[in-house]
Amino acid sequence: MKKLLFCTLGCCILFLGSAIDTSAQLSDKFLFHRGWVIGNYSSAPFYYAPDTTYRQIDDTLSYKNSNGLQLGLNWGGRFNVYDFSDEQSITLHIDLVGTGFVSSGLLNETRLPDLGFALQVPVVVNFNIGHMATKASTASKGFGFGLGVEINRVFSLLEQSTFYSEAATRGFAQTATASFVQPVFNFGYRYWNGNDLARELNVQFGYGKSYTFVHGTSYRPNFRVSLHRYFNY
């Protein structure tokens, strides 16, 4: 009975030790960050031509968007999918970016401002070299670059205006969606700051989404610069 008890206790200790070791190895593959972002953003374009019931002297309204200023915060994490060495790896990054933006576009020939909020979720696969490639890296500087997709949801004050209301309820209308997915490319420079904190300066380009209307084609490109602070490295 005592032998069985000791064997059972020994197995439990070995299992617990193995589980702790596996958990520690797994935690070494995760990094988390927070930071701020600045960039450009485009609200949704539209084209509206009312039917004869509502026809006026100027019977068409077309809003062609342009790039605007975007400011906000960024939270995210990454997981090391594969480590080639202590200084090279492939990682999966998922961020949540919340921003406010101000932009302007052409309503026929008149500039019309727009305010709003945007939520963006980029999912990117990166190749990393040097600093922060893995937690075992000894490099003081590093780089990362990769490709992915980004989910966008825009909350525009202009979309709540009478222009959008009329476009949705009267006559002929073509309106862009407030939700879209775009391909993105990003490049990051990693370094230690003066307080020995791991930082990353990240630049992301988004192709945006194009919309072909009667009056022409509108694009929704995206460019963003983020400064990340990693707090478990």
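The values are calculated or read from the model by the stated rules, or taken from the named source; none is laboratory data. Every value quoted in this text rests on a predicted model; they were computed, and no experiment measured them. Counting neighbours? That spans all protein chains shown, and the Cβs are built from the backbone with ideal geometry, glycine included.
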- Name, by its number, the condition in (1) of a type in the set (Val, Ile, Thr); (2) at pLDDT below 90; (3) not in a strand (DSSP E or B) that does not hold for Val102. (3)
- Task: Among residues belonging to region 175-207 that are of a type outside the set (Asp, Glu) and assigned to a loop (DSSP other than H, G, I, E, B), point out the one that is nearest to Lys29 (Cα to Cα).
- Result: Leu197
- Residue that is surrounded by the fewest Cβ atoms within 10 Å (Cβ to Cβ) [pool: residues in region 155-193 that are over 16 Å from Gly208 (Cα atoms) and modelled with pLDDT of 80 or more]: Asn193
- Note on the structure: Selection from region 208-233 of residues farther than 17 Å from Ser43 by Cβ and part of a loop (DSSP other than H, G, I, E, B) yields Val214, Phe231, Asn232, Tyr233
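Tell me, yes or no, whether region 186-207 has at least one residue that is touching a residue at least 60 places away in the same chain (Cβ under 8 Å) and over 22 Å from Lys141 (Cβ atoms).
So in region 186-207, the residues touching a residue at least 60 places away in the same chain (Cβ under 8 Å) come out as 186, 188, 190-192, 198, 200, 204.
Going one step further and asking which of them are over 22 Å from Lys141 (Cβ atoms), we end up with none.
No: zero hits.
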- Output for Cβ contacts, cut-off 7 Å, separation at least six or different chains, first residue of a type in the set (Val, Ile, Thr) in region 208-219, second at pLDDT 75 or above, reads Thr217/Ser210; Thr217/Tyr211
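Which of the residues spanning region 67-87 are in contact with a strand residue (DSSP E or B) (Cβ under 6 Å, 6 or more places away or on another chain), free of Cβ contacts under 8 Å to residues at least 60 places away in the same chain and either of a type in the set (Ser, Thr, Tyr) or surrounded by 15 or more Cβ atoms within 10 Å (Cβ to Cβ) (or both)?
At the first step, the residues of region 67-87 found to be in contact with a strand residue (DSSP E or B) (Cβ under 6 Å, 6 or more places away or on another chain) are 67-83, 87.
Still in the list and also free of Cβ contacts under 8 Å to residues at least 60 places away in the same chain: 68-69, 71-73, 75, 77-83, 87.
If the condition is that a residue be in contact with a strand residue (DSSP E or B) (Cβ under 6 Å, 6 or more places away or on another chain), free of Cβ contacts under 8 Å to residues at least 60 places away in the same chain and either of a type in the set (Ser, Thr, Tyr) or surrounded by 15 or more Cβ atoms within 10 Å (Cβ to Cβ) (or both), then Gly68, Gly72, Gly77, Arg78, Asn80, Tyr82, Asp83, Glu87 are the ones that fit.
Just to be sure, is Arg111 under 23 Å from the mean Cα position of the chain (by Cα) and either outside any loop (DSSP other than H, G, I, E, B) or in contact (Cβ under 8 Å) with a residue 24 or more places away in the chain (or both)?
Working: under 23 Å from the mean Cα position of the chain (by Cα): no; either outside any loop (DSSP other than H, G, I, E, B) or in contact (Cβ under 8 Å) with a residue 24 or more places away in the chain (or both): yes.
No, not satisfied.
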- With the checklist (1) at pLDDT 75 or above; (2) under 18 Å from Ser42 (Cβ atoms); (3) hydroxyl-bearing (Ser, Thr, Tyr) in hand, flag the one item Ser137 doesn't pass. (2)
- Note on the structure: Scanning region 119-134 residue by residue, the ones that are surrounded by fewer than 18 Cβ atoms within 10 Å (Cβ to Cβ) and modelled with pLDDT under 95 total 1
- Between residues in region 92-106 that are under 13 Å from Ala44 (Cα atoms) and residues that are modelled with pLDDT under 95 and aromatic (Phe, Trp, Tyr), which pairs lie under 8 Å by C-beta distance while being six or more apart or on different chains? Phe101/Tyr41; Phe101/Phe117; Ser103/Tyr41; Gly105/Tyr63; Leu106/Tyr63
- Just for region 194-215: of the residues that are under 18 Å from Asn128 (Cβ atoms) and surrounded by 15 or more Cβ atoms within 10 Å (Cβ to Cβ), which one is farthest from the chain's Cα centre (by Cα)? Ala198
- Query: Got at least one residue in region 119-136 being more than 14 Å from the chain's Cα centre (by Cα), among the basic types (Lys, Arg) and in a strand (DSSP E or B)?
  - Reply: no
